[in-house]
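For reference, the structure discussed in these notes is given below.
Quick note: the coordinates plus some simple rules give every number you see, no bench work behind them. Treat the numbers as computed from the prediction; the structure is a model and nothing was measured. Positions of Cβ are backbone-derived with ideal geometry, glycine not excepted, and every protein chain shown enters the neighbour counts.
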Amino acid sequence: MTAEARGTVVVNNPSGLHARPANELARVAKSLSSSSRLAIGDREVNAASVLAIMTLGVTPGTAVDVICEGDMAEEDLDTLLAAIRGGLGEPNVPNGVNS
């Protein structure tokens, strides 16, 4: 049976998940052994696809569910959550509020 791990993170990038941070997130997701997805409500996309990530229209302050499936699901989930919390190469805005 394949393990599944889920977590939720608030995106605090000043412009949400536009092209640059989406590219970094997809790069991280591709480096993991688990398959990973992002979800907002009932919309779920492949976390390894820049275009798929961008279709979610993630803006600052948006809560995103992260789902990993595989033998290293927990560890890979932690890696993705840390990357998003870390800003994906961009500065974070406290509490997701763009000032």
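Summing Lys, Arg as +1 and Asp, Glu as -1, what charge do residues with Cβ under 9 Å from the Cβ of E90 carry, E90 excluded?
That works out to 0.
For the chain, what mean projected area does the convex hull of the alpha carbons give, in nm²? Spell out each step's value before the answer.
Working: hull surface 22.2 nm².
Quarter of the Cα hull surface area: 5.5 nm².
With +1 assigned to the C-beta of every Lys and Arg and -1 to the C-beta of every Asp and Glu, and no other charges, what is the dipole magnitude of the stretch 4-89 about the Cα centre in debye, to the nearest 20?
Numbers: 7 positive and 11 negative charges, 95 e Å.
Result for the stretch 4-89 is approximately 460 debye, rounded to the nearest 20.
Using only Cα atoms, tell me the angle between helix 19-31 and the longest principal axis of the chain; keep it within 0 to 90° and round to the nearest 10.
20 degrees
I need to check one value: relative contact order of the chain, counting alpha carbon pairs closer than 8 Å and at least 6 residues apart, in percent. Could the numbers behind the result be given before it?
Values: 208 pairs, mean separation 44.2, N = 99.
Relative contact order here is 45 percent.
Sorted from fewest to most neighbouring beta carbons within 10 Å, what does the list I40, I84, I67 look like? Write out the running numbers ahead of the final one.
On the way: I40 15, I84 26, I67 19.
Fewest-to-most ranking of I40, I84, I67: I40, I67, I84.
Nearest 500 deg cm²/dmol is fine: what mean residue ellipticity at 222 nm does the chain get from its DSSP H runs of n ≥ 4 alone, each adding -39,500 (n - 2.57), divided by its residue count? Before the final figure, lay out the partial values.
On the way: 3 runs with 32 residues, N = 99.
Only helices count here, giving -9500 deg cm²/dmol.
Report, in degrees rounded to the nearest 10, the 0 to 90 angle that the Cα long axis of helix 73-85 makes with the longest principal axis of the chain.
Once rounded, the angle reads 10 degrees.
Could you please rank D65, D76, D71, placing first whichever residue has the fewest other Cβ atoms within 10 Å of its Cβ? Walk me through the numbers before you get to the answer.
Details: D65 14, D76 25, D71 11.
Fewest-to-most Cβ neighbours within 10 Å comes out as D71, D65, D76.
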